[in-house]
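The structure appears below as structure tokens.
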Amino acid sequence: MYSIKHSHSALEIENSSKTIFAKICLNDGASLQELKLFGQTLIKNLGPLEYKNTYASSILFPFANRIKDGTYTYNNETYKFPVNEVPNNNALHGLVFDKTFDVIDETTTENSASVKLLYKEDKKSEGFPFTYSIQLEYRITETTLDLNVEVKNTDSETFPFTLGWHPYFLSSNLSESLLSFESTKKMVFSERMITTETTNNPDPSEMLLKDKQLDDCWELEKTEVEFATPNYNLSINSSEENCFLQAYTPPPS
């Protein structure tokens, strides 16, 4: 049987055999800070690193990655997001990563647990003068995590957005880990990590991460990405088309 515990602005999901554990921090954009499935740790707390610097497992809305100088144009109007990556003068990772979500529903069964979380934005900011709500549903079983995201435009005007997720998956040995995906196009970044062009993808579909220092982005041909580590194999799928994969590996310690 699964249980959901409310503790210090967080939700902790666990099964009776202790092979499943998940921790969701409501005040940090409802980010998934810990995840254990089938007895294996996939996502661990990154302390002493601070969430405000890692954006660990944050939901990226209304944009993922970076916007140069925080400035964009939509419907012939120019808007400016706050610059929160100061060294590069970029806006980074959207607006909801540090928002507080409310629990609106939770369900436990013998084989699964699910929670629905909601954030409503009723104030129009200078950089994104629109109102909206964003609902997250995390559903966990012995071997799977489903994350469903529903964005509702509550404004009288249309608005542009992209959506992303920013998890760090644990590997006991990156040198023996393999990243697999299908892509024919790769993004080229400037020194400020802003996309400048798209080029033919020079990388293999199966990439051994030994001696790889990545902070790279690919446009996916298929929406499935596989990550194989010495302890577990992970398959990531999206229900949406036109997906991109951004892969990052930490510098050598």
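Tabulated data for the structure shown
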quantity: Alpha carbon Rg of the chain, scaled by the compact-globule rule 2.2 N^0.38 Å; calculated: 1.04
quantity: Qualifying GluC sites (Glu not before Pro) for the range 82-146 [loop in DSSP, other Cβ within 10 Å: at most 12]; calculated: 110, 126
quantity: The chain, relative contact order [Cα under 8 Å, separation at least 6], %; calculated: 14 percent
quantity: Placed amide H near residue 169: partners under 5 Å, 5+ positions off or other chain; calculated: none
quantity: The range 80-108 versus the range 167-222: alpha-carbon centroid distance in Å; calculated: 24 Å
quantity: Estimated vicinal HN-Hα couplings, Hz - the range 198-205 in sequence order (Karplus 6.51, -1.76, 1.60; Gly, Pro = x); calculated: 10, 10, 5, 6, x, 8, x, 6
quantity: In Hz, Karplus ³J(HN,Hα) per residue of the range 227-232 (6.51, -1.76, 1.60; θ = phi - 60°; x = Gly, Pro); calculated: 10, 10, 10, x, 10, 7
quantity: P(r) histogram, all alpha-carbon pairs of the range 1-90 included - 5 Å bins from 0, percent; calculated: 3, 11, 17, 18, 14, 11, 8, 7, 6, 3, 1, 0
quantity: Most positive-pole-ward Cα, 118, 32, 154, against dipole of the range 1-170 from beta carbon charges; calculated: 32
quantity: Cα-derived Rg to Rh of the range 170-220, Kirkwood definition; calculated: 1.01
quantity: Dipole moment magnitude, nearest 20 debye, the chain about Cα centre, only Lys, Arg, Asp, Glu C-beta charged; calculated: 520 debye
quantity: Choice from 73, 199, 158 showing the highest fluctuation, given a GNM over the chain with Cα pairs closer than 10 Å; calculated: 73
quantity: Helix-only [θ]222 nm of the chain, DSSP H runs n ≥ 4, -39500 (n - 2.57) each, per residue, nearest 500; calculated: 0 deg cm²/dmol
quantity: Dimensions (Å) - the range 40-147, Cα atoms, principal axes, largest first; calculated: 52, 32, 19
quantity: Where trypsin sites (Lys or Arg not before Pro) in DSSP loops with at most 15 other Cβ within 10 Å are excluded, longest remaining stretch of the chain; calculated: 45-122
quantity: The range 172-253 - Rg (one decimal) and Dmax (whole number), Cα, Å; calculated: 13.1, 37
quantity: Above-threshold pairs, the threshold being 31 Å between Cα atoms, out of 18/116; 120/185; 18/123; calculated: 120/185; 18/123
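A short reminder: the numbers here are calculations on the coordinates, not readings from a lab. Note that the coordinates shown come from a computational prediction; the quantities given were computed from them, not determined experimentally. Here Cβ is always computed from backbone atoms with ideal geometry, including for glycine, and neighbour counts include all displayed protein chains.
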